[in-house]
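S.K.: Pasting a structure below so you can have a look.
What follows is calculated from the coordinates using simple rules that are stated; it is not laboratory data. These numbers were taken from a predicted model, which means no experiment stands behind them. So basically every Cβ, Gly included, is an ideal-geometry build from the backbone, and we count neighbours across all protein chains shown.
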Amino acid sequence: MKGHIIFSGAALIFIAIYLKCSTTGTKSYNDKQKSLLLIQHHNGLRQEILKRHKDLIKFYKSLRGEFGVEHILPEVDPDLNALSERNLHVPTDKRVPKGSLGCEDLVHLTEINYVGSGFTKLVLKGTLLDGTTVALKSVHAEGNDMKQCIQLHGDHAGCHRLATYKLQKEVALLQILRHPGIIQLHGQCYHNGAASDIRVTAMLELGSPLEMIQLLQTPWEERFKICLELVRLLHYLANSPLGSLALLDFQPQQFVLVDGSLKVTDMDDAATEELTCLQDEDCTLGFPSRTFAIKCSAAGTCAGANEKKNLYNAYRFFFTYLLPHASPPELQPMLSDIMNATGNLRLGINETLEAFENVLNLYKSAKNPFSEPTYHKEYIVWDGYRVNETGNNFTCWPSYNHLGCLLSVHSADEAARFCARHANCRSFVIGQEKTWTGRLLASFTSRSFEFIPDVNSRVFIKRCNSSRQRVRPNQCVDLVK
């Protein structure tokens, strides 16, 4: 499905979500259509469905009783010969945890729009009655997952069931795993018709795509925040309630930004078990440009493989691009150590997180080789004012404002040192707005300006007779309040 899809009317929305987005083309699901569940020669597809069903059972067992819903999982453990409609029962809307969104909320959605689609799933967005915008995930009928399965097995119903298990797994994982770096599940709707006609819609918080090119243009502090949040997420995944988890489809496209914070949004390919092995040679981790050897434990697993997969992928997809570039000079030795350690898998996630926290603490403390205050001598300070920056042509990079020069500073002294190093900088303004680390935001200007009363701001104006910075005569003006 390509382009944008717009629906109107509550009834049409409900039909669009289920009939247009969750079914498989023109094939209808009904009792007359033969299903893989009743045809023995589809044994390969049956086995794959059984495998995914058993995997899902494990997640449901983890959820049992967590929401006070004891019957969230039927007590079944089917084998291939016993595979039947009863065995493949899935939760209904009645088993949705209390307080979360359900099928009724889908009926009243408005402003349905296409967001994107992948190998297995289709993502739309819609607005709830209270004005909240949510993301809607369902099986992508025209996705490559469905197409390849149908081409191989010729069974629309069975292939749809197989794809549905991926979405069910993701819903279960999002209920079990709770961390700020994981997209929040608002609710789900299970619409059960015929045995093969099971349509699942997951309702999630809506994020914006992670655009690496845009991130490269942001100040270092914001790029470091993304990397730190990722490391905190990987630390959680290494110690999750389900054990150490690996994100097998680890790439920037699987992440979004929600209110500026990084969150993983695709969990259906998460591996919940470590690699099994008989000898050390079975534990080789291969990446496009590197190969790492891991020891085979006495328990027959490649100990730490999931953690190391995540960490090296974080290095090659995120740290390499976001961490060293334009970093503060005083932090560069520590950042270089982090890059070397993660690039060679020399440290585990615990040590990596500790290293990142140390960088954060040093950055917030703003230890600086310059200790002498400068702005008292070289700047006139006007309290209770800001300036009208219209026509200001002073820009710097990277800046929080791409049309000007807005930087984070620890103090007015740090801002004054920056302004002193730039001949075109005439003044700067510091208000009460701060960044996520608690640093101040300073706006630098070069042209003439007018003062605007603002009790929360201070204007620092460079003196014309500065002994540390030569300025042209036309850069100095008589300043009168």
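S.K.: Residue by residue through region 162-176, which ³J(HN,Hα) values in whole Hz follow from phi under the Karplus form 6.51 cos²θ - 1.76 cosθ + 1.60 (θ = phi - 60°), with glycine and proline marked x?
M.R.: Taking θ as phi minus 60°, the curve returns 4, 5, 4, 4, 4, 5, 5, 4, 4, 4, 5, 5, 5, 7, 7 Hz for region 162-176.
S.K.: For region 251-327, what percent of Cα pairs sit more than 17 Å apart? List each step's numbers first, then the result.
M.R.: Details: 1674 of 2926 pairs.
Summing the P(r) of region 251-327 above 17 Å gives 57 percent of all pairs.
S.K.: With the contact rule set at Cα under 8 Å and sequence spacing of 6 or more, what percent relative contact order holds for region 119-189?
M.R.: Averaging sequence separation for qualifying contacts and normalising by length gives 23 percent for region 119-189.
S.K.: Could I ask something else about it? Can you give the FRET efficiency to the nearest 0.05 for Asn456 and Asn43, using r as the Cβ-Cβ distance and R₀ = 56 Å?
M.R.: So the FRET efficiency works out to roughly 0.20.
S.K.: Show me 156-163, 43-50, 299-306, 224-231 ranked by packing, highest mean number of other Cβ atoms within 10 Å first.
M.R.: In descending order of packing, they fall as 156-163, 224-231, 299-306, 43-50.
S.K.: Across all directions of projection, what mean area in square nanometres is found for the Cα convex hull of region 379-428?
M.R.: The orientation-averaged projected area of the Cα hull of region 379-428 comes to 3.9 nm².
S.K.: Sticking with this one: Just grab the label-to-label distance for Lys295 and Thr133, each label 7 Å out from Cα along the Cβ direction, in nm (one decimal).
M.R.: Those two pseudo-labels are separated by 5.1 nm.
S.K.: Also, quick follow-up: I'd like to compare 200-208, 339-347, 285-293, 259-267: which one has the highest average count of other Cβ atoms within 10 Å, and what's the full order after that?
M.R.: 200-208, 259-267, 339-347, 285-293
S.K.: Residue by residue through region 248-258, which ³J(HN,Hα) values in whole Hz follow from phi under the Karplus form 6.51 cos²θ - 1.76 cosθ + 1.60 (θ = phi - 60°), with glycine and proline marked x?
M.R.: Using θ = phi - 60°, the values come out as 5, 9, 8, 7, x, 5, 8, 10, 9, 10, 10 Hz.
S.K.: Just the Cα atoms of region 130-187: what Rg and Dmax do they give in Å?
M.R.: Computed over the Cα atoms of region 130-187, radius of gyration and Dmax are 14.5, 44 Å.
S.K.: With a 10 Å radius around each residue's Cβ, average the other Cβ atoms per peptide and rank 126-137, 271-282, 407-418, highest first.
M.R.: The packing order, highest mean first, is 407-418, 126-137, 271-282.
S.K.: Could you list, in their original order, any pairs among Lys61/Lys125; Lys225/Lys308; Lys58/Lys125; Lys225/Lys364 whose Cα atoms are separated by more than 19 Å?
M.R.: Lys61/Lys125; Lys225/Lys308; Lys58/Lys125
S.K.: Please work out the C-alpha center-to-center distance from region 243-310 to region 170-239 and express it in whole Å.
M.R.: Spelled out, the Cα-based centre of one part sits 17 Å from the other.
S.K.: Mind checking the dipole of region 135-255: about its Cα centre, +1 per Lys or Arg Cβ, -1 per Asp or Glu Cβ, Debye to the nearest 20?
M.R.: 240
S.K.: Give the long-range amide H neighbours of Gln184: residues separated by 5 or more places, or on another chain, with amide H under 5 Å away, using H modelled in the peptide plane at 1.01 Å from N.
M.R.: Glu205
S.K.: Okay, next question. Enumerate the whole-percent occupancy of each 5 Å bin, from 0 to the last occupied one, for all C-alpha pair distances of region 168-314.
M.R.: Distribution as computed: 2, 9, 16, 18, 17, 14, 11, 7, 5, 1, 0 percent.
S.K.: Calculate the length of the line joining the C-alpha centroid of region 412-429 to that of region 135-150, in whole Å.
M.R.: Distance between centres, Cα-based: 55 Å.
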